[in-house]
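See below for the structure under consideration.
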2 protein chains.
Amino acid sequence: MPQHIAVLGGGLIGASWSALFLAYGHSVHISDPDGSADAFCRGFVRRAWPHLRDLTQGLPDHPPLDRLRVSSTIAAACDGASFVQECGPDRIGPKHAMIKEAETALAPHVLIASSTSSLMATDIQAQAQHPDRILVAHPMNPPHLVPLVELVAGRLTSPDAIPQAEAFYTSLNRVTIRVQKERPGHLANRLTSALYQEAVNIVAEGIASVEDVDRAIAYGPGMRWGLMGPHLIYHLGGGAGGYRQYLEHLGPTQQTRWADLGRPTLTDDLIEQLVLGLEQEIKELDTQEIEDARDRALVALAKLKQGLPF
Amino acid sequence: MPQHIAVLGGGLIGASWSALFLAYGHSVHISDPDGSADAFCRGFVRRAWPHLRDLTQGLPDHPPLDRLRVSSTIAAACDGASFVQECGPDRIGPKHAMIKEAETALAPHVLIASSTSSLMATDIQAQAQHPDRILVAHPMNPPHLVPLVELVAGRLTSPDAIPQAEAFYTSLNRVTIRVQKERPGHLANRLTSALYQEAVNIVAEGIASVEDVDRAIAYGPGMRWGLMGPHLIYHLGGGAGGYRQYLEHLGPTQQTRWADLGRPTLTDDLIEQLVLGLEQEIKELDTQEIEDARDRALVALAKLKQGLPF
């Protein structure tokens with residue numbers, strides 16, 4: 001059933017969520033104090049629409065911009081909303097202020113899902129009137145193309161809020177996971193940070209160039225990770241004996257490598273080295289060109305994953 | 001120009017390399033002391049052929065099994081070979097023995113590239129008659145579908161060997177990278193191990209289930225890693241300011257997460273927990289079904305990557 005969804009913050013993440021919500025028939029009211037947000041969000045939805053049509057059955061040719069509104073105040077966006085996706089600045093002060101204003105306009109049972117990547121639900125809900133309706137629903141960028149949504153409850157989140165949010169995001173063809181403990185990076189960004197730490201270390205130690213690290217991922221393990229996670233990959237690596245065989249026979253080589261991983265510090269010199277390496281990698285390509293190609297490829301990858309049995 | 005290639009070891013990796021070499025017009029002579037290797041390798045090439053045809057222009061309908069021989073001795077396989085891909089057991093003793101026998105049959109300039117994932121080129125070449133022709137060329141499984149080949153020189157490897165090997169693998173449409181220092185895991189498996197360490201830790205700490213970790217990767221960051229590496233991803237994450245902007249503004253949040261990453265130990269209890277979690281994830285799916293779907297998807301992903309500008 002079409003809902004009225006409030007999106008608090010009309011930046012990249014808010015605009016991408018909005019495009020997704022529109023694609024599933026909902027109406028969207030974005031709040032953003034910046035006067036340029038309206039044009040930015042409409043432009044974003046227009047550019048995203050062909051990709052969403054490619055991924056979603058039965059969408060009209062043109063984006064339903066008549067179902068999109070952008071207002072300068074949170075209270076206006078929340079008026080009559082049945083779900084709130086908060087996409088404001090990732091600092092606790094602004095989050096508290098946004099929630100305070102949202103609650104003046106919302107019915108008490110309406111969920112407020114924060115897109116925060118670095119804050120905890122418990123902290124975000126701390127000053128709320130109805131903290132039980134507040135949770136974290138963290139997407140990966142861009143949320144209209146990457147299906148993952150990580151759900152995290154705070155200490156005061158209602159036991160019903162997570163299943164309710166799950167049902168909502170699943171209805172949008174998102175892949176939800178439950179993060180059972182509040183920790184920096186939730187789940188997915190702990191994994192990306194673990195990989196990135198060694199990706200930085202390899203450059204810092206002179207083992208390989210920035211470009212070779214990126215090529216190694218994109219033409220090596222990354223291709224497998226685009227299809228399945230590390231546990232399932234090593235289950236296959238165990239042959240007929242499966243994951244147990246892998247862990248018992250090759251677990252020790254993992255531990256040897258774990259012991260040898262680096263712990264770099266992002267000093268000014270290392271930042272220079274990384275930036276220089278990245279410039280050598282991308283040469284004359286511009287960011288827009290890379291992003292456009294990435295988005296087309298993400299659509300194609302999402303489509304090919306629809307047929308997988310795992 | 002078609003070459004005669006010796007593949008030492010007719011297991012999964014040897015069979016997959018052989019299928020690739022055949023697809024690029026070379027003749028292949030596999031050595032394996034196990035009498036069942038012949039049937040296994042021919043069966044492997046037959047099953048791999050439709051995928052190779054899909055990826056490679058102008059291949060015949062049927063696999064050219066007339067260009068494939070399997071012998072029980074290394075000397076027979078190396079007779080007349082112009083390149084050797086060593087895929088034997090990943091222990092130093094067997095490697096030394098294999099190289100000793102290979103050198104009785106090879107011309108002195110013929111490269112011997114080891115597929116080892118855990119040994120160092122310097123150790124592998126230590127007892128060789130012509131250590132200068134020995135290097136590591138480590139693929140990801142399965143090498144006929146995942147393009148990455150990591151090249152590592154040992155202390156005694158000739159300065160020409162790496163560019164020569166690069167030219168050979170590039171002619172097979174592989175993506176080569178140069179690993180500048182001999183370290184456990186070369187490069188790619190250092191990165192996979194870094195990710196896996198935290199993937200294990202998240203389960204050990206009760207942050208999420210095995211299944212949710214795998215879903216998070218496969219429907220989240222893994223989709224981006226299938227297209228580009230972490231440095232380029234964070235360059236895009238820096239917006240108009242690029243990688244420097246990212247590192248200066250969001251580097252500190254990476255360091256916060258780095259400090260919070262876990263250092264699990266694969267105890268018997270943890271292994272049980274991981275195996276149980278994996279069983280809950282795969283339910284009734286069997287390994288063959290997963291592998292077949294993975295291979296089809298890897299072909300589709302490799303094809304879609306052919307059009308990318310980065």
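None of the figures in this text is laboratory data; all of them are computed from the coordinates on show. Bear in mind the structure is a predicted one, so any value in this text is a computation, not a measurement. Don't worry about glycine lacking a Cβ; one is built from the backbone with ideal geometry, like all the others, and counts go over all protein chains shown.
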In degrees, nearest 10, the alpha-carbon axis of helix A:12-23 is tilted away from the dominant principal axis of the alpha carbons of chain A by 70
The size of the Cβ-based charge dipole (Lys, Arg +1; Asp, Glu -1) of chain A about the Cα centre, to the nearest 20 debye, is 1120
Amide H neighbours of residue B:149 at under 5 Å, excluding residues fewer than 5 places away on the same chain, with H built from the backbone geometry, are B:175, B:176, B:177
at residue B:292 the sorted inter-copy label distances (label 7 Å from Cα on Cβ side), in nanometres, are 4.1
For peptide A:200-210, the mean count of other chain Cβ atoms within 10 Å per residue Cβ is 5
The simple spin-label model distance between residue A:291 and residue A:61, using points 7 Å out along Cα→Cβ, in nm, is 2.8
With the label set 7 Å along Cα→Cβ, residue B:76 is separated from its counterparts in the other copies, in nm and shortest first, by 8.3
For the pair residue B:47 and residue B:306, the simple spin-label estimate (label points 7 Å beyond Cα toward Cβ) gives in nm 2.4
With a Förster distance of 56 angstrom and the Cβ-Cβ distance between residue B:283 and residue A:283, calculated FRET efficiency to the nearest 0.05 equals 0.75
Taking the axis of the rotation relating chain B to chain A, the B residue whose Cβ comes closest, together with that distance in whole Å, is B:226, 1
hull vol. (C-alpha, convex hull) per residue for region B:178-265, Å³ -> 132
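So what are region B:37-79's ellipsoid semi-axes, whole angstrom, largest first, if each one is the square root of 5 times an eigenvalue of the alpha-carbon gyration tensor?
One finds semi-axes of 24, 12, 8 Å for region B:37-79.
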Whole-percent tail of the Cα-Cα distance distribution for the protein assembly as shown, cut at 38 Å, equals 35
Here region B:230-244 yields Karplus 3J(HN,Hα) values (6.51, -1.76, 1.60; θ = phi - 60°; whole Hz; Gly and Pro given as x) of x, 5, 5, 4, 6, 4, 5, x, x, x, 4, x, x, 5, 4
Check: C-alpha center region A:230-272 vs C-alpha center region A:133-210, spacing in Å is 21
Between the Cα axis of helix A:37-55 and the main Cα principal axis of chain A, the angle (0 to 90°, nearest 10) is 60
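D for chain B, whole µm²/s, Stokes-Einstein with Kirkwood Rh over alpha-carbon pairs at 37 °C and 0.692 mPa s: what number?
So the translational diffusion coefficient is about 153 µm²/s.
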XL table A:303/B:283; A:305/B:283; B:283/B:303; A:283/B:181; A:100/A:181; Cα-Cα > 21 Å flagged, in table order, is A:303/B:283; B:283/B:303; A:283/B:181; A:100/A:181
In nm, the gap between the two label points placed 7 Å beyond Cα toward Cβ at residue A:167 and residue B:104 is 7.4
Answer check: region A:52-210, Cα atoms, Kirkwood Rh, Rg/Rh ratio of 1.03
When A:182, A:103 are ranked with the fewest other C-beta atoms within 10 Å first, the list becomes A:182, A:103
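Please work out the Cα convex hull volume for region B:1-107 and give it in Å³ per residue.
90
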Residue-ordered couplings for region A:106-113, obtained by feeding phi - 60° into the Karplus form 6.51 cos²θ - 1.76 cosθ + 1.60 and rounding to whole Hz (Gly and Pro as x), are 8, 4, x, 8, 5, 5, 10, 9
Chain B: relative contact order from alpha carbon pairs under 8 Å, six or more residues apart, as a whole percent, is 13
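If I stretch the segment between residue A:127 and residue A:180 completely, what's the gain in nm (0.36 nm per residue apart, minus their alpha carbon distance), one decimal?
16.9 nm
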Spelling it out for residue A:71: with amide H atoms placed in the peptide plane at 1.01 Å from N, the residues 5 or more places away or on another chain with amide H under 5 Å from its amide H are A:30, A:31, A:32
A correct Karplus calculation of ³J(HN,Hα) over region A:129-138, with 6.51 cos²θ - 1.76 cosθ + 1.60, θ = phi - 60°, whole Hz and x for Gly and Pro, returns 6, 10, x, 5, 9, 9, 8, 9, 10, 9
Inter-copy distances for residue A:91, nm, shortest first, label points 7 Å along Cα→Cβ, are 6.0
Averaged over the residues of B:139-148, the number of partner chain Cβ atoms within 10 Å of each residue's own Cβ comes to 3
